[in-house]
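*Asks:* One structure, pasted below without further comment.
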Amino acid sequence: MKKTILTGIRPTGNLHLGHYFGAVKNWLKLQNEYETNIEIADVQALTDNFDNPSKVRKNVYELAIDLLSCGINPEKATLYIQSQISEIAELTVFYSNLVTMARLYRNPTVKSEITQKKALFGNSGESVTYGFVGYPVSQAADITAFNGDLIPVGEDQLPLIEQCREIVRKFNNIYGETLKEPDALLSTSPRIKGLDGNEKMGKSLGNAIYLCDNEETISKKIMSAVTDTNKIRKDDPAEPEKCMVFYYHKLIENPNLDTVCSECKKGARGCVSCKKELINNMNKFLEPIREKRKYYEKNPEIVESILKKGTEEAKQKAKVTMKKVKKAMMIEY
Ligand code: SF4
């Protein structure tokens, strides 16, 4: 029997290279090896966007199109909408008794996100909602609803898996052996830097290359990418490792990478022509994704039917867990 993988993504905008190389590329491989469940985490997206539901709603379809265009195969992976699986919400309520507020505040992932919020909104954290602090509990519900064996995560998300394991242990101790403790499948996918050299590519940072960007947008973005600031003239030698253009040449595996590197170091390459080469290669890289996107945009009923089928499948799986949970908790009437 194949092991079950559970992963998810919040529908808060189109996917960019950071999502692709940081997660989706790995999922394309995993869907061939495991029983893969991919959750479009719209309820989780609402923890940050509860006052903007139309944004989340629109992005559910955008995200589905992005994922399918990248090669997520609905025959291999179950793609479903979190909000439609009411069992996840029920489990979240049951699990909320098994974790203390102090423990949630100690969760390093929650802690660092609260710190970021404070830095962004400049307050002392009064606007942090109960739903936001509790999202590790809802994540534990996401994972256990599908009996997830393995959860692909980066190092920074390990505390969320640990929190889930704690909840599972506590549940099993109190109500009897019912739930499966998941293991983390540590991903070696890199965190992708932004066009401005920031360590993280992000929508809010305005430094992202989106998978749906057209040729003109790609050209504008790459032309404005940060290069080695010490290179003023075309024939100045430079350090490719200080240049985002070189970084993306490497990321999308330019076959002439060694030439780019040596010519840059010798001052035998101008930044404009180097950027044009990257624009060309980036468009070649994105073209198959754009083509598939066009197909799904023209055929929205196909996307809807994939989501409907995936969500129905997911619901059936979650129902099995819910039956066991309710029986164990003596609330099966
Ligand atoms: Fe970057 Fe290319 Fe300019 Fe070197 S030549 S600094 S790699 S853009």
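*Asks:* If I go through the stretch 1-17 residue by residue, how many of them are touching a residue at least 60 places away in the same chain (Cβ under 8 Å) and within 15 Å of ILE40 (Cβ to Cβ)?
*Replies:* Number of matching residues: 7.
*Asks:* Suppose the filter is in contact (Cβ under 8 Å) with a residue 12 or more places away in the chain and surrounded by 12 or more Cβ atoms within 10 Å (Cβ to Cβ); does ASP183 pass it?
*Replies:* yes
*Asks:* Report, by residue number, each residue of the stretch 1-14 that is out of contact with any strand residue (DSSP E or B) (no Cβ under 7 Å at 6 or more places or on another chain) and either hydroxyl-bearing (Ser, Thr, Tyr) or crowded, with 20+ Cβ neighbours inside 10 Å (or both).
*Replies:* ARG10, THR12
*Asks:* So, one more: Pick out the one residue from ILE222, ILE218 that is touching a Lys or Arg at 6+ places or on another chain (Cβ under 6 Å), within 16 Å of the ligand (Cβ to nearest atom) and part of a helix (DSSP H, G or I).
*Replies:* Exactly one of ILE222, ILE218 is touching a Lys or Arg at 6+ places or on another chain (Cβ under 6 Å), within 16 Å of the ligand (Cβ to nearest atom) and part of a helix (DSSP H, G or I), namely ILE222.
*Asks:* Residues of the stretch 225-271 being touching a residue at least 40 places away in the same chain (Cβ under 8 Å), near the ligand (Cβ under 8 Å from one of its atoms) and part of a helix (DSSP H, G or I), which ones?
*Replies:* Passing the criteria: MET244, CYS271.
*Asks:* Inside the stretch 321-331, can you point out the residues that are exposed (fewer than 13 other Cβ atoms within 10 Å of the Cβ) and either of a type in the set (D, E, K, R) or within 17 Å of ALA89 (Cα to Cα) (or both)?
*Replies:* Scanning the stretch 321-331 gives LYS323, ILE331.
*Asks:* Restricting to the stretch 58-99, name every residue that is part of a helix (DSSP H, G or I), modelled with pLDDT of 95 or more and charged (D, E, K, R).
*Replies:* Residues satisfying the conditions are GLU62, ASP66, GLU87, GLU90.
*Asks:* How many residues are part of a helix (DSSP H, G or I), surrounded by fewer than 20 Cβ atoms within 10 Å (Cβ to Cβ) and not aliphatic (A, V, I, L, M) when one looks only at the stretch 138-161?
*Replies:* Here the count works out to 4.
*Asks:* Would you pick out the residues in the stretch 69-85 that are more than 14 Å from the chain's Cα centre (by Cα) and farther than 14 Å from THR311 by Cβ?
*Replies:* SER69, GLY71, ASN73, GLU75, LYS76
*Asks:* Hey, can you tell me all the residues within the stretch 162-183 that are assigned to a helix (DSSP H, G or I) and polar (S, T, N, Q)?
*Replies:* Scanning the stretch 162-183 gives GLN163, ASN172, ASN173.
The values are calculated or read from the model by the stated rules, or taken from the named source; none is laboratory data. These numbers were taken from a predicted model, which means no experiment stands behind them. Please note: Cβ atoms are built from the backbone with ideal geometry, for glycine as well, and neighbour counts cover all protein chains shown.
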